[in-house]
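Since the structure comes first, as structure tokens, the remarks are kept for the end.
The values are calculated or read from the model by the stated rules, or taken from the named source; none is laboratory data. Only a predicted model underlies this, so the values are computations on that prediction, with no experimental measurement involved. Ideal geometry is used to build each Cβ from the backbone, glycine not excepted, and the neighbour counts take in all protein chains shown.
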Amino acid sequence: MLIDPVYSQLILPLVIAIFLAINMGGSGTAPSFSAAYGANLIPRSLIPGLFGIMVFAGAIVAGKNVAYTLGRGIVPAENMTIILTSIILMSVALSLLLANLLGVPQSTSQSTVFALAGTANYFGVLQTEKLFTEIIPVWFVLPLISFFLTYLAGRFIYKPMKKRSSFEFETLKKHPGLQALVLISSLYVAFSIGANNVANASGPIASMVLNELDLGDNQKNFNLVMTLSVLVIAPAFGIGSSLLGNKVVRSTGKEIIEFGPLSATVIAMITATLLLSVSITKGIPASLVQLNTGAILGIGCAKTSWKEIFMKSTVQKFWVIWIIAPVLSFLLSIGLTWLADQAGLL
């Protein structure tokens, strides 16, 4: 039986989306399970599976609004062809791969938005309303909120509790309630990642499929195709966790500041709640790794001095990569779109 050429062509962007999801899984493992693993609450072999399950659940339950934003809120749905979708996803995947190889947790959402903007800008169809009034302002405000919430928690919750009792990884077995809280917070973070980050791949894929198969431009069809794409894409997060997660865990959890299970749980609960809230209420693609890093900086400043934390070389490297990766994604998107246009593929 011969396969319809259109269906066979859909394989390429799906493969790229899976490659992107593998990279996102590597980047998202650190804020999810580093505390639970450091406290010996979960064996290393179980982390990829649990991470993948919770990411899938988050995408199905709470990921539709972000997928809709990335699928049709920046680039018009009719422009999401097979070639352009492949270019967008490949630009994001390459920029994120660079960040993972450097051991720096990077915002896939920002790289995705910049890749979409690059292609849309090339054709003069960039939809700027949501981008400039909601998405970009949230990128600046949310990490600051994360920083100050965890700074206040460190000053007024962590330090007083620390004086009364010891909450270190080696003594965590004396506190079964805290053990359960650390594990629950890890699962909660993975769920929030699913609610936001899976859409970086499933949103463009869903719009592309509706466009190429002429299935109709409506919310119901979009949600159905997005759900089917999640079934393919979400499991790759677990694969990425297994292959690429270790180096990013070390960068986030060890090189900035040593933090115990109590502060790690505060960080996880605050950042996951912030990410989940903007996913559900606004459908805004945001960065958990930047929220998480901002929160770690907040805890660090509460424990030591602001100057000591912000002068660390790892922190300075984060700023540089956070600027370079989205810009690289934007330039790759424009460059690859130009090449495809010159080659007559568009």
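The residue that is farthest from the chain's Cα centre (by Cα), among those in region 9-36 that are small (Gly, Ala, Ser) and modelled with pLDDT of 80 or more, is Ala17. If only one of Ala264, Ala272 is modelled with pLDDT of 80 or more and either under 21 Å from Leu178 (Cβ atoms) or out of contact with any strand residue (DSSP E or B) (no Cβ under 9 Å at 6 or more places or on another chain) (or both), which one is it? That would be Ala272, the only listed residue that is modelled with pLDDT of 80 or more and either under 21 Å from Leu178 (Cβ atoms) or out of contact with any strand residue (DSSP E or B) (no Cβ under 9 Å at 6 or more places or on another chain) (or both). Every listed requirement among (1) farther than 19 Å from Ser229 by Cα; (2) among the β-branched types (Val, Ile, Thr); (3) modelled with pLDDT of 75 or more is met by Ile3 save one, (3). One residue stands out in region 309-346 among those that are part of a loop (DSSP other than H, G, I, E, B) and at pLDDT 85 or above: the one that is nearest to Met80 (Cα to Cα), namely Leu345. Within region 284-307, the set of residues being out of contact with any Leu (no Cβ under 9 Å at 6 or more places or on another chain), small (Gly, Ala, Ser) and either in contact (Cβ under 8 Å) with a residue 24 or more places away in the chain or closer than 30 Å to Leu70 by Cβ (or both) comprises Gly300 only.
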